[in-house]
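Novice: Questions regarding the structure given below will be posed in turn.
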Amino acid sequence: MTSSVLHKSAGGNPPRIFSDRSLAALCLLNFFLADARDGLGPFLDAFLATQGWSSMSLGLIATVGGLIGLAATPLCGALVDGTSWKRALVAIPVVVVTAAALVTLLSPNPAIVWIGQIGTAVVGAVIGPALAGLTLGLVGEKLFSQQIARNEFWNHTGNFASLFAVYVIISLFGQGGMIWLMIATAFGALAAVAMIDPDRIDHKVARGLAADNGSGADASAAKAPSGFSVLLKSRGLILLALILMIFHFGNAPMSRLIAQQFAIELGTPFRTTAIITGIAQLSMVAVAVVTPFLIRRLGLAATLAIGLAALPIRGLIAGSFDGFWVVWPVQILDGVGAGLLGIVTPVAVERILKGTGRFNVGFASLMTVQGLGASLSNVVAGYVVSQGGYAVSHLVGGGVALIAVAVFAIYHKEIAPSQKSLG
């Protein structure tokens, strides 16, 4: 079968996953990656906070590790664009991240924590571009937004299932149960990668070029990748990166700090974090279901605007009210904001860079810029907490997000082009 046949389906929808082994495996991969790609993930801060680590120290680790990882991200995107070993670029980081998390859990001394988090950030930088390129290469441009939403549905479902499993396992077996859970999810992710048929992946399409239609030399010339300078000439990509940097500067620390705050108050880091993060993940599952409908009915720009607007409201609520009940509206809004942006961002990048052959490196470069905002925010938020408390930090994060909303309102046509405008 040719790639053009593989990318077609009745009604313009992705092939049914139950009759397509590779797409079923892609869904399973997203399900298990929810836990396997981040190691201890949201539990790390709460766990270390109960071990006596300060908010400032935790923020510094997140910032330094994040910045080192970000330096590798554009190179990872270029690697994904140029290689046909996309499955390996998902599998290898899973092994490394899981190993680092296990060592950190067993021996949380400063040297181990620093080395583990830096290593996790570096190898984890390749998973995002590799997964996006893998998806685009399997389903093609027309079905990309639907499949990205499907990926996010399974990813957040996996996150929720993992959080529920953590809550149960910690209650029954204690902290030692985390070790077996991480090993199980890592093996699940590796099995899913192995199930994806490598012959199903169109590597030209995966980098944002047109599918090979055999139309001769002219077509081949037209499909040649653009130079890397196309990224700097794309004002829409630069503006989108700026907006996401501002958004994640305000958004990234909020869930971490809420988990720290209540883990210390309640004395149950793993179970408290499981509840707090689980609410957001369940919200993101619902968001993943409705996002394709929102994009079709409202357009990509309006859908992105809704995601950006959720953060100022979230910060206002988190900074204005006390009590554990506040995690419900705050984390539901996290699901709306981060959930929508997680789906529309790769779709917007694909539209902006359509035909350049630089989708993965462009997406990776954007992830670098947004990650820069998230990484810097950790140490800033840690300082704000040490000076003014958790509530002040939440209000500052929500206020910063208003800048992103304003910039998007001015330049939304370039940042989120419609499919009609692309021809």
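Novice: Within the accessible area of region 71-169, what % is carbon and sulfur when the probe is 1.4 Å and the other protein chains stay in place?
Specialist: Carbon with sulfur: 76 percent of the solvent-accessible area.
Novice: Can you tally the lysine pairs in the chain where the Cα-Cα distance is under 24 Å and the two residues are eight or more apart, or on different chains?
Specialist: Within the chain, the lysine pair count is 27.
Novice: While we're looking at this one, here's another question. In the neighborhood of G133, defined by Cβ-to-Cβ distances under 14 Å, what is the net charge if each Lys or Arg adds +1 and each Asp or Glu adds -1?
Specialist: Around G133, the charge tally is +2.
Novice: Determine the gain in length on full extension of the stretch Y383-R21; use 0.36 nm per residue of separation and subtract their C-alpha separation, reporting nm with one decimal.
Specialist: 125.4 nm
Novice: Okay, next question. How far, in nm, would the chain grow between S229 and F187 when pulled straight, counting 0.36 nm per residue and subtracting the alpha carbon separation?
Specialist: Contour length minus the Cα-Cα distance gives 11.2 nm.
Novice: So what's the Cα pair-distance distribution over the chain, bin width 20 Å, in %?
Specialist: All Cα pairs, binned at 20 Å, distribute as 27, 60, 12, 0 percent.
Novice: Oh, and also: In whole percent, and with a 1.4 Å probe on the protein chains, what portion of the accessible area of region 284-423 is carbon and sulfur?
Specialist: 70 percent
Novice: Using the heavy atoms of the protein chains and a 1.4 angstrom probe, tell me the accessible area per residue for the chain in square angstrom.
Specialist: Value for the chain: 41 Å² per residue.
Novice: Between F324 and L172, what is the label-point separation in nm under the 7 Å Cα-to-beta-carbon projection?
Specialist: 2.2 nm
Novice: So how far apart, in nm, are the two label points at A194 and V103 if each is 7 Å from Cα heading toward Cβ?
Specialist: Distance between label points: 2.5 nm.
Novice: For the chain, with a Gaussian network of springs between Cα atoms less than 10 Å apart, report the residue from A286, A348, A381 with the top mean-square fluctuation.
Specialist: Among A286, A348, A381, the largest GNM mean-square fluctuation belongs to A286.
Novice: So, one more: What residue among D334, D197, D45 has the largest mean-square fluctuation in a Gaussian network model of the chain, using Cα springs under 10 Å?
Specialist: D197
Novice: Same structure, new question: Rank Q331, Q261, Q387 by mean-square fluctuation in a GNM of the chain with C-alpha springs under 10 angstrom and give only the top-ranked residue.
Specialist: Q387
Novice: If R₀ is 41 angstrom, what is the calculated FRET efficiency for the pair E414 and I112, using the beta carbon separation as r and rounding to 0.05?
Specialist: 0.35
Novice: Right, here's the next one. Which whole-Hz ³J(HN,Hα) couplings does region 61-71 yield from phi under the Karplus relation 6.51 cos²θ - 1.76 cosθ + 1.60, θ = phi - 60°, glycine and proline marked x?
Specialist: 4, 4, 5, 5, x, x, 5, 5, x, 5, 4
Novice: Can you work out the FRET efficiency for the pair Q51 and T83, with r the C-beta to C-beta distance and R0 = 51 Å, to the nearest 0.05?
Specialist: It comes to 0.80.
The values are calculated or read from the model by the stated rules, or taken from the named source; none is laboratory data. None of these values were measured; they are calculated from a predicted model. Here the Cβ is made from the backbone with ideal geometry for all residues, glycine too, and neighbour counts use every protein chain on show. Calculation scope for accessible area: heavy atoms of the full protein, side chains included, ligands and nucleic acids excluded. Shrake-Rupley method; radii C 1.70, N 1.55, O 1.52, S 1.80 Å.
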